[in-house]
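The values are calculated or read from the model by the stated rules, or taken from the named source; none is laboratory data. Here the structure is a predicted model, which means the values were calculated and not measured. Cβ coordinates were reconstructed from backbone atoms using ideal geometry, including for glycine residues, and neighbour counts include every protein chain displayed. To get the accessible areas, we keep the full protein, side chains included, count just its heavy atoms, and leave off ligands, DNA and RNA. Shrake-Rupley method; radii C 1.70, N 1.55, O 1.52, S 1.80 Å.
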Amino acid sequence: MAQRTRRPLIGVTAGTRTMMSGAWAGHDAVAVNEHYVRALRAAGARPVIIAPQDEWSDEEIAELDGLVLTGGTDLDPAAWGEGALPTDMTPDPERDAFETALYRAARRNDVPVLGICRGLQIIVIAEGGQLHRHLPEDLPAHPATGSAPTRVEARIDAASDLALALGTRAEVTAYHHQGIRAVRGDLRTVARHDSGLVLAVEAASGSAVLGVQWHPEIDGEAGAGVFESLLTAIRHREAATPAASLV
């Protein structure tokens, strides 16, 4: 097999945000926290920013080596048949639908996926799971993590790819007021908080998926293992792919 001469291309999802000043004040801009880009570059990848648009084809998603579903606003509860709550952030249904379709296309095409915070929730809802809509009210034992980045401890299943990257206990930075209530479909829980809240899932079979309910992109070296885990999944996928025949 020829040696790789380019960095893995990682699609990084972005939202839109209205600019508040300057010549383009009032216009929407594609926006994603630069910490994601820095973390992926440090891991040896080439980030490619993807904003909501028309649905990508299987052929297009297969051109990526990996996909990162990033953090952001709350998901639209209408997508799973629930109504809005006063505690909900303003949803972005267009982004929800686009990222859900990206996730499903990545799964069909064996493209490894990493979901971060909202990205984890996209994965779980796409697989038929459920959310706690407001923490800690829905789970009083969980700390209030919705007003500022908060350090929490994750208990990680030793028989998981995440444990290979971080060990069986890790202090991580959480910043969320919604969380995973039920994991279903082709996923398994691989990390929890002591309150019982699901903090990470992996795919139970098929293509590689890791979703975490925290922000490794702002944890520096302590969070690097999460991004390195994505790169490891990409290398394993390449090693398992038969080389093209020359005859």
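The range 219-237 and the range 31-64 have Cα centres lying 15 Å from one another. A Förster distance of 35 Å, applied to the separation of the beta-carbon atoms of Ser205 and Trp24, puts the FRET efficiency at 0.15. Rolling a 1.4 Å probe over the heavy atoms of the protein chains gives the chain an accessible area of 49 Å² per residue.
Looking at the range 1-110, the GluC sites (Glu not before Pro) that sit in a DSSP loop and have at most 16 other Cβ atoms within 10 Å of their own Cβ are Glu55, Glu63, Glu82.
Taking all protein chains in place and a 1.4 Å probe, what share, in percent, of the accessible surface of the chain do carbon and sulfur account for? Walk me through the intermediate numbers first.
Numbers: 6170 of 12100 Å².
Roughly 51 percent of what the probe reaches on the chain is carbon or sulfur.
Based on DSSP H segments of at least four residues, each scored -39500 (n - 2.57), the chain has a per-residue ellipticity at 222 nm of -7500 deg cm²/dmol. Let me know the longest stretch in the chain that avoids all trypsin sites (Lys or Arg not before Pro) found in a DSSP loop with at most 15 other C-beta atoms within 10 Å. Maximal segment without exposed cleavage sites: 7-183.
If both residues of a DSSP beta bridge must be in the chain, then about 60% of such bridges are antiparallel. Between Leu40, Leu210, Leu164, the residue with the greatest mean-square fluctuation in the GNM of the chain (Cα pairs under 10 Å linked by springs) is Leu164.
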